[in-house]
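Just below is one structure, and these are the notes that go with it.
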Ligand code: AG3
């Protein structure tokens, strides 16, 4: 008889009828925090993977696709971003990208679950590396409460949430977007991850609708993240004044997904996505 190695797989049910399977090399962490289940596995195809409540948050191999877009779309569209608020994102990936901008004086990270921050520091040093920077203040609390106490304070707010289930649901609501509006300065902008137009078209439509209730200008950008449901991802932007399609400052050096050309490309919506958020109305599709 030959020796055989066990065949371990991690499966994410992206929808009840669609799943992504990653072959596991090793299980590094498998625990429950007060808020969610936290799993860290090392996989053959994508390296280490952070999974919260069964949903992939990042993999070593493709996290840059998402984190670069979340940070640079707005930071490069703002003339002088100094004060940045990151909501969720306890892994530190967005904060790492934000700190590539020399204008930034302070980043406040508000994540409800300190255990995610701890897991990232232990297992994803290349993602969490900026969390100990002197410009970063970490506030482990509910972001819904945090934003209520802040007025006219931030240039850019980045909402790096999990899927809208359980405690993250409120982060996709119009009431929250309105609080974020108030927390932003006069030229402020916010971006939220708004899932896949293939698997969650209704969620995307509702999120854009909610943003339009709170902000003068609303825009949508898209990009590719191979390990997120369907691989096609959206980023919804609310702005008080500025047009985020106009890049004000060049892409930071050494990015792997975002570039000056990708900035404008990201705002070119494929017609089926425009249909979802505007019912095909081209005037509105321009965003303003
Ligand atoms: N936040 C968005 C993850 C959504 C993925 N959804 C899923 N796999 N079903 C990612 C946090 C990374 N900083």
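Springs join every pair of Cα atoms under 10 Å in this Gaussian network model of the chain, and among 67, 150, 263 the largest mean-square fluctuation is at 150. Dividing the helix sum by the residues of the chain, where each DSSP H run of 4 or more adds -39500 (n - 2.57), gives a mean residue ellipticity at 222 nm of -8000 deg cm²/dmol.
What separates the Cα centres of the stretch 126-158 and the stretch 23-46 is a distance of 25 Å.
Comparing 231, 223, 210 in a Gaussian network model of the chain where C-alpha atoms under 10 Å apart are linked, the largest mean-square fluctuation is found at 231. With R₀ fixed at 41 Å, the C-beta to C-beta distance from residue 135 to residue 18 puts the FRET efficiency at about 0.55. Contact order for the stretch 133-245, expressed relative to its length and based on alpha carbon pairs under 8 Å spaced 6+ residues apart, stands at 26 percent. Its alpha carbons give the chain an Rg and a Dmax of 18.5, 72 Å.
Taking one quarter of the surface of the convex hull spanned by the alpha-carbon atoms of the stretch 9-59 gives a direction-averaged projected area of 3.4 nm². Grouping the Cα pair distances of the stretch 178-288 into 10 Å bins from zero gives a pair-distance distribution of 14, 46, 34, 6 percent in increasing distance order. Comparing 93, 21, 238 in a Gaussian network model of the chain (Cα springs below 10 Å), the most mobile by mean-square fluctuation is 21. With neighbours defined as other Cβ atoms within 10 Å of a residue's Cβ, the residues 19, 212, 96, 3 order from fewest to most as 3, 19, 212, 96. Across the chain, the relative contact order, built from alpha-carbon pairs under 8 Å that are at least six residues apart, equals 16 percent. Please list log₁₀ I(q)/I(0) at q = 0.09, 0.20 Å⁻¹ for the stretch 116-261, using the Debye equation with identical point scatterers on the alpha-carbon positions. These q points yield log10 I(q)/I(0) values of -0.31, -1.52. Legend: P(r) of the stretch 41-162 from all alpha carbon pair distances, 10 Å bins from 0, whole percents, reading 13, 47, 31, 7, 0.
Read-outs throughout are calculated quantities, based only on the coordinates presented, and are distinct from any laboratory measurement. Here the structure is a predicted model, which is why all the values come from computation and not from measurement. Backbone-built Cβ (ideal geometry, glycine too); neighbour counts: all protein chains shown.
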